[in-house]
Amino acid sequence: MAVLLGACMTAPPERAPLPDVGEVLEPPVACSFLVGPPQGVAVAEVLEDTGAEGVLEAGDVITSLNGNETADQDDLRDALAEESVGDSIHLELLRDGAETTADMVLGANPDDPERPLMGVMIRTAYRHLEPTDADDAIPGVDTARAVVIGGFLFGVEPVDRLWSGTGLGVPDATNWVATSESVYGLRVGDEQVLSDLISGEVIDYPVVDGWLPARLIGSIDDDLLITVTQEVPDQPELVAVGTSRFDPETGDTEWIEPISEGFGVPVTAWASPDGNFITVGGIETDTATLTGVDMLTSEGVTAGLDELLSLGTPIGWLDDETAVFRTSATTVSKVNAVTGEVTEVTLDPALEGVPLYAVADGHSVLAVSGRSLLLDDLTTDGEVRLLAENCSIGRVGDAGWRPTSGQSA
């Protein structure tokens, strides 16, 4: 089996030494979105004393190997798997935007002399887009979602890598949720104010049996999922807590479900793509410790699955029946809401210990790792793909948002 050194190696690269005093440093790379289908395999670095030295250059984009298209890293690895040490390979590539070819002889991997080695660090190449130019049309699909980047709200469809700007500034402290129709914010103080952040319209939230909105925690179709509180009669030092489903279009409260004692304060809620189930996570506010996890039906009734807390924090849904939980820094668990069957999945090292969000395409998760937004397929050993790099990434909203396309930030 042939291998090459790739950019997704688990061992971190050696750090470059600090520059000499007075050396002029280049400015940091600006935030960019990666859009559309893969364009080939970019060479990030050519290693010394390998077959690639003197043949390939950093910045080359390999588009085929021996006539086999190499749209991404996996394609290149598959093509190399058919080769042996000492074989000559023919590459088609782009160099400085111009088509050219190159031939090279595969060397031996120093760690395994039977395995051939090109000798390059690689990454999949995509078309890059500045945030101000993000105006692709995003279809109204379950996988589309809102995300705050650099303090502005964008729409992203991660499977096809489509981006849309809204021009809406959203401070980090804003409590917001995207439904399928719009984006709503809640300001809590002496008076609770719920508003449509896109239109600026203030939404009248009716007080039902003394329940007041405290936090937006998710959405289900066009409706908001809200943590609500009320004073306990004759015990002013106590506050009752519940979850509510609210229709901002009609102003109707669909249901309010008080939480059980010890659950904590609900802070996250994820609805399945078909809206039939909702996972809710609650924390102990003083320590931010996860203290409760429940699964509800669309009517707010407990769905009957036990011991969900032992699985960790809910991060969304892969499909209509499969909820995903962050079990540990290195694993997630998939739970079938109908049968209760649990399947544990080990994460790619690039996703260990970082925030995750289920994509609702049946098999993928989003990850926020430093200044990068990543996409990973839980069912394969393929590469973790970049969606955005060098960006200040804030909160990622619920799946299913249908943003207005064509607006630039």
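The values are calculated or read from the model by the stated rules, or taken from the named source; none is laboratory data. Note that the coordinates shown come from a computational prediction; the quantities given were computed from them, not determined experimentally. Glycine gets a Cβ as well: all are built from the backbone with ideal geometry, and neighbour counts include every protein chain shown. What goes into the accessible areas is simple: the full protein's heavy atoms, side chains included, and nothing from ligands, DNA or RNA. Shrake-Rupley method; radii C 1.70, N 1.55, O 1.52, S 1.80 Å.
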Query raised in the report: Considering only Gly304, Val324, Thr289, whose Cα is most displaced toward the positive end of the charge dipole of the range 271-329, charges sitting on Cβ of Lys, Arg (+1) and Asp, Glu (-1)?
Result: Thr289
Report task. For Leu197, tell me the accessible area in Å² from a 1.4 Å probe, rounded to the nearest 10. Result -> 40 Å²
Report summary line: With a ≥ b ≥ c from the Cα gyration tensor eigenvalues, square-rooted, and the rule rounded for a/c under 1.5, otherwise prolate when a/b > b/c and oblate otherwise, the range 225-302 is oblate
Report task. Report relative contact order for the range 291-409 in percent, whole number only (criteria: Cα-Cα under 8 Å, sequence separation at least 6). Result -> 14 percent
Report summary line: Rounded to whole Å², per residue accessible area for the chain with a 1.4 Å probe reads 49 Å²
Query raised in the report: So what is the relative contact order for the chain, in percent, with contacts set as C-alpha pairs under 8 Å and at least six apart?
Result: 16 percent
Query - Ala108 long-range amide H proximity, modeled H, under 5 Å - result: Leu117
Report summary line: Expressed in square angstrom to the nearest 10, the accessible area of Thr379 with a 1.4 Å probe stands at 90 Å²
Report task. Please sort 319-325, 104-110, 290-296 by packing, taking for each peptide the average over its residues of neighbouring beta carbons within 10 angstrom, highest first. Result -> 319-325, 290-296, 104-110
Query raised in the report: If amide H atoms are built 1.01 Å from N in the plane of the peptide, which residues on other chains or at least 5 residues away come under 5 Å of the amide H of Gly382?
Result: none
Report summary line: Calc'd 3J(HN,Hα), the range 221-232, phi into Karplus 6.51 cos²θ - 1.76 cosθ + 1.60 (θ = phi - 60°), Hz, glycine/Pro = x, comes to 6, 8, 9, 9, 9, 10, 7, 10, 9, 8, 6, 8
Query - For the range 127-136, Karplus couplings with θ = phi - 60° (6.51, -1.76, 1.60), whole Hz, Gly/Pro x - result: 6, 9, 9, 6, x, 5, 9, 6, 9, 5
Query raised in the report: P(r) for the range 32-109: what percent of alpha-carbon pairs falls in each 5 Å bin, starting at zero?
Result: 3, 16, 25, 30, 18, 6, 3, 1
**Report entry** Amide H partners (placed H, <5 Å) of Ala358, local residues excluded
**Finding:** Gly316, Trp317, Leu366
Query raised in the report: Which whole-number percent is the relative contact order of the range 123-264 (Cα, under 8 Å, 6+ apart)?
Result: 12 percent
Query raised in the report: When the chain is modelled as a GNM with alpha-carbon springs shorter than 10 Å, which of Glu389, Glu82, Glu284 fluctuates the most?
Result: Glu82
Report summary line: Excluding ligands, DNA and RNA, the carbon-plus-sulfur percentage of the accessible area of the range 327-409 with a 1.4 Å probe reads 43 percent
Report task. Calculate the radius of gyration of the Cα atoms of the range 185-278 to one decimal place, then report Dmax, the largest Cα-Cα distance, as a whole number, both in Å. Result -> 13.4, 42
Report summary line: In order over the range 151-163: 3J(HN,Hα) from phi, Karplus 6.51/-1.76/1.60, θ = phi - 60°, whole Hz, x for each Gly or Pro, gives x, 10, 8, 10, x, 9, 10, x, 5, 9, 6, 10, 10
